[in-house]
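Colleague: Please see the structure below; I have some questions.
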Amino acid sequence: MSSTVATSAANTASGAKGGSPAAIVVTALALFSMFFGAGNLIFPPILAVQAGDNFWPAILGFLGTGALLPVLAVIAIALSGSNVRDLAQRAGVVFGVVFPVLAYLSIGAFYALPRTGAVTFETAVTPLFGFEGLAASAVFNIAFFGVALALSWNPNTIMQTLGKFLTPALIILLVVMIAVALVQWDSEPSAPAEVYADGAFTSGLLEGYLTMDSIAALAFSIVVISTLRYRGFSEGKHVVGGTILAGVGAGVMLALIYLGLGSIGRVIPDAAQYENGAELLADASNLTMGGAGQAVFSLVVLLACLTTAVGLITATGEYFSEQFAGSYHTWAVIFAVASMAIATQGLDFVISIAAPVIEFLYPPAITLIFATLVEPLFRARTRFTWAFFLPIWVAVIWSAIETFISLGWAAEALSPVVEWAPLQEEGLGWVVPVGVTFLVGLIIDLARPRAPMEIGTNETVDGEVITAS
């Protein structure tokens, strides 16, 4: 947390019992907008086209990783009373340093942040105005990230800015686009594509990874907690409960919008002609709303990407200012400028430098969330040590091997190490080894006396944060 947030939080938390329900609603709206970027917009409709008759298992899988998992990440951070680094350090010093940095860079300057500018230019600006090329991209991204930086300059008011102004505008435009399409069309879905013919649920699950919201939730949660403290929520049950309610509210909104966008893909005429969700939604807007359709779609993309960019700058700036030298504003400028430079090179360039990092991060991130959520069930008997360490490092090693294979590094030698696992063909081979080592670690922890908390660490018991001293 930046010194600005810490000071403001301390001033408002002292003597305050709890904030207002309106603050939770505004925070939930803001968190939704931070999650909902261009990827969230374009994945569900093309999933619906490709899934065809298997739409429901596919979209439920997508909701599992695209909506439910981010909510679980928010709950994990709220219940633990810790930030990402504190949680990650329970798997060792190396993981505690490297994982948070990679996670924040992946949602920051490595991928998600420059993607907001690149996607907006290529799917909203170019189709509407015809601007293209490196020079036009540079001019647009300078303006885009300049506005995003200005909106994120005061981290204490970011939720207010997003929740009261930008998010309602975004939701209204989305609802209009979805409602008009569903009223005008009633097409029958086609046969599913090969990837969704068998195992549609698993395919949808993996598609939901691409939103990156599960990793972003680990970062955004700290912004939510800081904001609720600033808005008068006292430490303990009030701020924990408010964070969980805001997370659940954002997750419900994500799920409803995903279902609506997926429904557009189900009913749009001649759906099989579309290769991506951006093209599909642009045509849907034009077909349903005439000449103004492209303008509406472009505005939706702009708002979705801008609100996400603001949230990402805020979250990464706060984390790096807390963990490393430099003020929040310094880091915010660094990430905005770096993202502008990368986004100018185009979306394909952004994806090419980020794909290996994303592939590596998800298994350990999900394992970290799972272990954090399960630990309270055993708090009376033990505090997880090996139940954190073993499964997380198995997830790290397994994920590293799969990343090396995907990059073609010693693929022939490494493939036999992982190909035996159940669900490996579905891309979930890590699940069983991680689950088994979690049970082994849990048995070891239960057989040992309850480990004392390390000095300076936090633990949340019945909603109250306890610090060991």
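The values are calculated or read from the model by the stated rules, or taken from the named source; none is laboratory data. Remember, predicted model here, so these are calculated numbers, not experimental data. All Cβ positions, even for glycine, are placed from backbone atoms using ideal geometry, and neighbour counts span all protein chains on display. The area values use the complete protein model at the heavy-atom level, side chains included, leaving out ligands, DNA and RNA. Shrake-Rupley method; radii C 1.70, N 1.55, O 1.52, S 1.80 Å.
Colleague: Could you please let me know if GLY81 is under 30 Å from LYS164 (Cβ atoms), open to solvent by 20 Å² or more (accessible area, probe 1.4 Å) and in contact with a Ser or Thr (Cβ under 6 Å, 6 or more places away or on another chain)?
Modeller: Yes, satisfied.
Colleague: Next up: Under 7 Å between Cβ atoms, which residue pairs at least 6 apart in sequence (or on different chains) link something in region 104-125 that is more than 25 Å from ALA365 (Cα to Cα) with a partner that is modelled with pLDDT under 85 and not small (Gly, Ala, Ser)?
Modeller: ALA118/LEU347; ALA118/VAL350; VAL119/LEU347; GLU122/LEU347
Colleague: Any residue at all in region 306-323 that's at pLDDT 85 or above, in a helix (DSSP H, G or I), in the same structural domain as VAL223 (by the TED database) and surrounded by fewer than 18 Cβ atoms within 10 Å (Cβ to Cβ)?
Modeller: Yes, region 306-323 contains at least one residue that is at pLDDT 85 or above, in a helix (DSSP H, G or I), in the same structural domain as VAL223 (by the TED database) and surrounded by fewer than 18 Cβ atoms within 10 Å (Cβ to Cβ).
Colleague: Name the single residue that is modelled with the highest pLDDT among those in region 416-466 being open to solvent by 70 Å² or more (accessible area, probe 1.4 Å) and in contact with a Gly (Cβ under 7 Å, 6 or more places away or on another chain).
Modeller: LEU423
Colleague: I would also like to ask the following. Tell me, which helices (runs of 4 or more DSSP H) lie completely within region 200-277 with 3 or more residues that are β-branched (Val, Ile, Thr) and buried (at least 24 other Cβ atoms within 10 Å of the Cβ)?
Modeller: 213-230, 237-267
Colleague: Taking helices (runs of 4 or more DSSP H) that fall entirely within region 62-130, which contain at least 2 residues that are in contact with a Cys (Cβ under 6 Å, 6 or more places away or on another chain)?
Modeller: 112-120
Colleague: Considering every residue within region 171-188, establish whether at least one is among the polar types (S, T, N, Q) and either touching a strand residue (DSSP E or B) at 6+ places or on another chain (Cβ under 6 Å) or modelled with pLDDT under 90 (or both).
Modeller: Among the residues of region 171-188, at least one is among the polar types (S, T, N, Q) and either touching a strand residue (DSSP E or B) at 6+ places or on another chain (Cβ under 6 Å) or modelled with pLDDT under 90 (or both), which makes the answer yes.
Colleague: Which ones in region 394-415 are acidic (Asp, Glu) and open to solvent by 70 Å² or more (accessible area, probe 1.4 Å)?
Modeller: GLU412
Colleague: While we're on this one: Does VAL296 satisfy being in the same structural domain as ASP86 (by the TED database), open to solvent by 20 Å² or more (accessible area, probe 1.4 Å) and in contact (Cβ under 8 Å) with a residue 40 or more places away in the chain?
Modeller: yes
Colleague: Any chance region 132-141 includes a residue that's within 30 Å of ASP53 (Cβ to Cβ) and either assigned by the TED database to the domain that holds ASN276 or in contact (Cβ under 8 Å) with a residue 12 or more places away in the chain (or both)?
Modeller: No, region 132-141 contains no residue that is within 30 Å of ASP53 (Cβ to Cβ) and either assigned by the TED database to the domain that holds ASN276 or in contact (Cβ under 8 Å) with a residue 12 or more places away in the chain (or both).
Colleague: Collect the residues in region 328-342 that are open to solvent by less than 60 Å² (accessible area, probe 1.4 Å), hydroxyl-bearing (Ser, Thr, Tyr) and more than 21 Å from the chain's Cα centre (by Cα), keeping them in residue-number order.
Modeller: The one that is open to solvent by less than 60 Å² (accessible area, probe 1.4 Å), hydroxyl-bearing (Ser, Thr, Tyr) and more than 21 Å from the chain's Cα centre (by Cα): TYR328.
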